[in-house]
Amino acid sequence: MKLRRLLTLYKKEEKEISSITGLNPYLKFLSEYLLSQQEEDGSWNGDPLLTSFALRAIYNLSKILDLDSDLFSKAIKKGRCFLEQELEKKIPEILESRDLYPLLDWKIIIFSNIFYTFNLVNGYVKDNYTLAYLKLSNALLKWYRALDNIEAICSLLSCLEFNRKYDIEGLDKLLEYLIERVLSWKLNVRDMITAIYCLQKLSVSKYSKALEKVWDSAVRKRSDRYKNLPLYTGLRKLVEEVIEKMLLEKVDNFEILGYALLILTTFKRELNKNDKNTNLEEKIMQYLISLLDRVSIKDLSLYDISILIQGFSLSQYRNVVFFPLHTEKEIKNAIDWYIKKQKDIKILPRKRYYILAGLSMSFIITLIIIGFFYPRIESVVGIIVSIILFLFSIFRE
């Protein structure tokens with residue numbers, strides 16, 4: 001009786017480790033606030049450029065987190081209709097214009113961002129949209145050095161990500177100019193981050209070979225710092241250096257930090273491998289959260305919020321785990337155990353997988369042949385055992 005009572009008391013004192021996985025509170029709050037600011041006509045503040053950024057953030061968040069709620073669907077539909085109306089207004093102005101030079105950089109930034117977001121959300125564009133884009137591209141090729149506007153160049157080049165019929169004659173000139181400016185290290189932090197982000201996206205598009213060729217040429221001519229480094233490795237090194245500099249200088253621009261987080265989502269595996277003691281994504285996230293804790297939501301522009309949502313939603317920290325404080329010790333022990341076990345797991349090298357697959361096929365064919373010529377079960381069993389022992393001797397460690 002006493003033993004039963006003791007067991008009952010012990011059972012009551014056991015701590016149940018329970019947890020809930022949910023959306024990062026910062027991401028949830030920012031996205032809800034951004035959605036609440038959309039106007040009836042589908043825009044944000046009636047601004048087509050802002051609307052293109054905001055809609056891009058909402059759309060990407062809904063896709064990444066698989067959010068198909070009516071709220072998101074309605075917001076995306078309304079925003080898409082607004083952008084289509086804006087394109088219909090701007091395209092005749094561009095196609096009929098004889099002189100695009102006045103405010104050309106601003107025209108490119110606005111049109112390219114609307115065009116990019118409409119491509120992303122709608123999935124297709126009309127032919128006259130493409131004609132307007134190509135006309136702006138030709139104008140930029142004529143005056144890009146006089147304009148010297150990195151944001152305009154990057155906005156236009158970003159649209160090439162969709163791999164449609166947007167081939168630009170003289171594209172290598174724009175790429176060479178952009179890479180030259182990046183390698184010079186004479187750009188401000190915002191332009192540097194914008195340029196690297198653009199080059200990074202193009203490096204995984206159908207233009208990667210053209211970009212690689214321009215990079216190799218520019219590095220040979222103008223930089224000993226990145227000499228003999230291929231495009232991907234060179235961009236990765238640039239990312240490390242720029243972000244470390246940003247953190248050292250305590251840059252507090254949310255747009256820049258959001259773009260930095262976006263860049264790291266692509267390079268995070270390589271960065272973590274190269275630097276065992278530093279996780280740049282974690283550093284940026286911690287720094288961002290410390291800044292967000294000091295400001296009100298109204299202190300952030302809707303541009304900042306849109307970029308931050310994209311950065312947060314692509315980050316490995318978009319989801320968090322909530323658990324009772326009294327189970328903190330048990331949770332930490334479980335995580336330590338899991339990490340330790342991960343290190344102990346041995347993965348079969350790829351070559352051995354191929355060997356195993358080949359031997360398995362040979363094994364099956366052999367069984368068929370043996371069964372046909374030697375129907376006696378004793379012989380078949382003996383040969384099967386021999387083959388199994390042979391395979392085991394090869395793959396045991």
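Observations on the structure shown:
- Hits in the range 111-132 - residues which are over 23 Å from Tyr144 (Cβ atoms), assigned to a helix (DSSP H, G or I) and not β-branched (Val, Ile, Thr): Phe118, Leu120, Asn122, Asp127, Asn128
- Which numbered condition Leu104 misses (of (1) over 21 Å from Ile297 (Cα atoms); (2) modelled with pLDDT under 95): (2)
- Only listed residue being under 21 Å from the mean Cα position of the chain (by Cα), within 23 Å of Asn253 (Cβ to Cβ) and without any contact (Cβ under 8 Å) to a residue 40 or more places away in the chain, chosen from Leu187, Leu199, Leu211: Leu199
- Of all residues making up the range 286-300, the number that are farther than 17 Å from Ser31 by Cα and of a type in the set (A, V, I, L, M, F, W, C): 1
- Only one of Ile150, Ile114 that is among the hydrophobic types (A, V, I, L, M, F, W, C), in contact with an Asp or Glu (Cβ under 7 Å, 6 or more places away or on another chain), in contact (Cβ under 8 Å) with a residue 24 or more places away in the chain and farther than 19 Å from Asp47 by Cα: Ile150
- For the range 298-305, the condition holds for at least one residue, the condition being that it is modelled with pLDDT of 80 or more, out of contact with any helix residue (DSSP H, G or I) (no Cβ under 8 Å at 6 or more places or on another chain) and of a type outside the set (Gly, Ala, Ser).
- Within the range 91-139, the set of residues being closer than 17 Å to Pro48 by Cβ and hydroxyl-bearing (Ser, Thr, Tyr) comprises Ser112, Tyr116, Thr117, Tyr129, Tyr133.
The values are calculated or read from the model by the stated rules, or taken from the named source; none is laboratory data. This structure is a prediction, so every number in the text was calculated from the model and none was measured. Cβ coordinates were reconstructed from backbone atoms using ideal geometry, including for glycine residues, and neighbour counts include every protein chain displayed.
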